[in-house]
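Asker: One structure, pasted below without further comment.
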Amino acid sequence: MFDIVIVNGKVINGTGNPWFKADVAVRDGRIAKIGNLGDAEAEKMIDAKGFVVSPGFLDLHSHSDINIMINPKAESFIRQGVTIQVFPNCGGGYFPLNDTMKEERRRSNPAFLEAGLDFDWSTCEEYLQRIEKIGTAINVAPLIAFGTVRQYVMGMEMRAPTKGELNAMKAEVEKAMKAGAFGLTTGLRYVPQSWSQTDEVIELAKVAAKYGGFYTSHVRDEGDRVEPVGAIREVIEIAEKAGLPANISHFKIVAKPFWDKIDEMLVLIEDARARGIDITADQYPYRASGSGPRAWMPKWAHEGGNEALLQKIKDPETRPKIIEGLHKVMMVRGGPEAALIRSYPLRSDYVGKFVSEVTEMLGRDDPTETLLVLYQEHLEKVAAGEINGGFSFANFNQPEENVDKIMKKPWVMTSSDGSIHAPYGPLAKHQPSPHPRYYGTYPRVLGRYVREKGLISLEEAIRKMTSLGHQRLGIFDRGLLSEGMWADITVFDPKTVIDKAEFTPPEATMRYPEGIPYVIVNGVVTVEEGEHTGALAGKVLRKTK
């Protein structure tokens with residue numbers, strides 16, 4: 001007697017091998033048997049005729065840190081077939097936290113507060129216990145965020161750390177690694193991380209290496225102020241000198257003057273791999289990234305935090321310099337007609353419009369000035385405690401040709417760079433126009449890039465979504481359909497699976513995908529006939545050395 005038997009399906013086991021016909025039986029949370037099971041009995045039989053049976057998908061690059069507490073059903077991702085998410089990423093997370101950092105996060109996360117939650121933890125272990133207490137529909141694998149650690153120790157100061165501060169940061173990384181973090185994440189494009197030198201990052205990466213972790217990075221500047229090949233060289237240097245595997249987060253080139261550097265960057269990574277440096281990358285299948293005015297501001301303007309930034313924006317001497325820097329970044333990333341506002345708490349009618357359109361609505365001539373005025377008003381209201389929540393946009397800044405080139409590389413895995421979401425409750429209210437990748441990343445690859453474009457094979461796409469990411473994490477009892485493995489399983493229709501979320505209007509951004517009737521997490525049916533069962537069978541996974 002088994003708990004579940006899936007019959008009549010085409011099994012794609014995650015290795016990249018061709019599909020084969022077999023039944024899959026589950027008992028006590030694990031895959032008990034694969035083969036022709038004949039008259040096997042089970043509490044639940046699933047007929048997968050015409051469907052593919054694959055391992056559950058892994059999202060190596062997500063930002064679900066607190067949204068998973070707001071919506072533990074993990075609606076937008078479990079319905080994509082995702083059974084494990086890795087966060088935080090881009091070097092920004094929610095541990096460790098001091099009182100000042102907790103207050104900043106309260107101001108920027110209204111959905112979290114409306115859900116009756118609060119930042120009542122500080123350490124990695126306390127944070128993970130908080131998720132376990134609430135429960136989760138998917139598995140979670142934590143990373144330790146460099147930017148959060150730096151702010152915790154040094155605040156928002158644009159300088160190198162003292163020896164004591166560096167040791168304090170290393171101690172925080174070690175504390176998180178001992179609690180089960182899988183590695184170190186950086187976002188060297190963002191303050192305060194952009195103020196660091198490579199040697200500082202290497203020292204922290206060495207701590208992660210000591211515990212068998214890996215390094216993953218949103219690379220420095222993404223090409224708008226630092227030539228992108230140099231940013232990739234920095235990742236390779238950190239991996240080599242710290243002695244650990246490395247991953248390039250959401251691999252792309254977002255600055256148009258550097259789009260033609262893609263082949264050089266790919267060769268650079270493959271040369272590093274050829275000489276024995278373990279470098280991989282992840283990618284989301286969209287031309288548009290997610291950004292916001294905070295990320296586009298000059299780095300020096302952020303020193304001292306948001307209150308100091310606001311004063312610099314108001315200062316007649318520094319304001320022109322800020323406008324100059326903001327304009328430069330916006331133009332190399334496609335201009336105001338490429339920045340689609342996704343969230344602006346002060347004016348809901350701006351959501352779903354490009355900065356160029358809002359400039360016309362306001363009767364202004366300069367879209368850079370428009371963007372700065374909107375950001376200034378937002379910062380003022382946040383500082384006064386009148387609103388909370390972020391100001392963000394989708395930035396259409398990548399050519400489809402580059403997306404294709406990256407996706408075809410065997411060392412590139414699929415990821416979302418998104419966050420758990422739901423078309424109801426506090427998330428829908430306070431994050432009303434999420435990037436479509438929150439709902440559509442994995443079905444988009446299967447439907448558009450595999451079935452429609454034929455860019456990669458179905459078996460290769462599944463490998464990129466499953467075993468490759470587990471290999472990067474160092475998790476070897478998941479990610480494959482093999483006897484004895486944990487039963488994280490996704491069943492989908494290869495003829496119909498597709499993403500449905502679009503960039504506009506706002507309500508269209510929150511559409512669930514089609515063609516994924518069943519998802520099983522740790523042996524528990526969590527999506528059945530396309531609907532969430534309410535099960536919270538996910539686990540917080542911890543790295544063991």
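Asker: Shape verdict for the range 349-499, please, from the Cα gyration tensor: rounded (a/c under 1.5), prolate (a/b greater than b/c) or oblate.
Answerer: Note, shape of the range 349-499 comes out prolate.
Asker: Give the aspartates and glutamates reachable from K163 as a straight Cα distance under 14 Å; neighbours fewer than 8 places away on the same chain don't count.
Answerer: D199, E200, E203
Asker: May I ask you to order 144-154, 181-191 by the average number of other C-beta atoms within 10 Å around their residues, highest value first?
Answerer: Put in order of decreasing packing, that is 181-191, 144-154.
Asker: Using label points projected 7 Å from each Cα along Cα→Cβ, tell me how many nm separate Q311 and T100, to one decimal.
Answerer: The answer from the label model is 1.3 nm.
Asker: Next up: What is the packing order of peptides 335-345, 12-22, 86-96, taking the mean over residues of other C-beta atoms within 10 Å and listing the highest first?
Answerer: Working: 335-345: 21.1, 12-22: 17.4, 86-96: 25.2.
Going by the mean number of other Cβ atoms within 10 Å, highest first, we get 86-96, 335-345, 12-22.
Asker: Then there's this: Under a point-charge model restricted to the Cβ atoms of Lys and Arg (+1) and Asp and Glu (-1), what is the dipole moment magnitude of the range 313-450 relative to its Cα centre, in debye to the nearest 20?
Answerer: The dipole magnitude comes to about 680 debye.
Asker: Around N8, what is the net charge, scoring Lys/Arg as +1 and Asp/Glu as -1 over all other residues with Cβ under 12 Å from its Cβ?
Answerer: +1
Asker: May I ask you to list the aspartates and glutamates whose Cα is less than 12 Å away from that of K102, ignoring any residue fewer than eight positions away on the same chain?
Answerer: Here the aspartates and glutamates satisfying the reach criterion relative to K102 are D118, D120.
Asker: Quick one: length gained pulling Y424 to I277 fully straight, 0.36 nm per residue minus the C-alpha distance?
Answerer: Working it through step by step, the gained length comes to 48.4 nm.
Asker: Given the Cα-Cα distance of A160 and K210 and 0.36 nm per residue of separation, how much length would full extension add, in nm? Don't jump to the answer; show the numbers that get you there.
Answerer: Numbers: separation 50, 0.36 × 50 = 18.00 nm, distance 2.35 nm.
Gain in length upon complete extension: 15.6 nm.
Asker: When ranked by the protection proxy of mean other Cβ atoms within 10 Å per residue, highest first, what sequence do the peptides 355-365, 250-260, 440-450 form?
Answerer: 440-450, 250-260, 355-365
Asker: Is there a pair in K21/K252; K252/K453; K73/K381 whose C-alpha atoms are over 26 Å apart, and which pairs would that be?
Answerer: Listed pairs above 26 Å: K21/K252; K73/K381.
Asker: By how many nm would the segment from R319 to D366 lengthen if fully extended, with 0.36 nm per residue of separation less the alpha-carbon distance?
Answerer: Computed gain between R319 and D366 is 15.5 nm.
Asker: Run through all the Cα pairs of the range 291-396 and give the fraction in each 10 Å bin from 0, expressed as whole percent.
Answerer: It works out to 15, 51, 32, 1, in whole percents.
Asker: First measure r as the distance between the Cβ atoms of Q129 and E357, then evaluate 1/(1 + (r/R0)^6) with R0 = 30 Å and state the FRET efficiency to the nearest 0.05.
Answerer: Efficiency at R0 = 30 Å is approximately 0.10.
Asker: Still on this structure, I have one more. Along the Cα→Cβ direction, 7 angstrom out, place labels at S108 and A171. What is the inter-label distance in nm?
Answerer: My value for the distance between the label points is 2.6 nm.
Asker: If contacts are Cα pairs under 8 angstrom and at least 6 residues apart, what is the relative contact order of the chain in percent?
Answerer: Result for the chain is 22 percent.
Asker: Name all residues of the range 3-37 having a backbone nitrogen under 19 Å from the label point set 7 Å from the Cα of S482 along its Cα→Cβ direction, giving them as ranges.
Answerer: 11-27, 29-36
Asker: Follow-up. Among the listed pairs K408/K429; K44/K409; K33/K543, which have their C-alpha atoms separated by more than 29 angstrom in this model?
Answerer: Beyond 29 Å between Cα atoms: K408/K429; K44/K409.
Each value in this text was obtained by applying a stated rule to the coordinates, not by laboratory testing. Only a predicted model underlies this, so the values are computations on that prediction, with no experimental measurement involved. Using ideal geometry, Cβ is built from the backbone for each residue, glycine included, and neighbour counts are taken over all protein chains shown.
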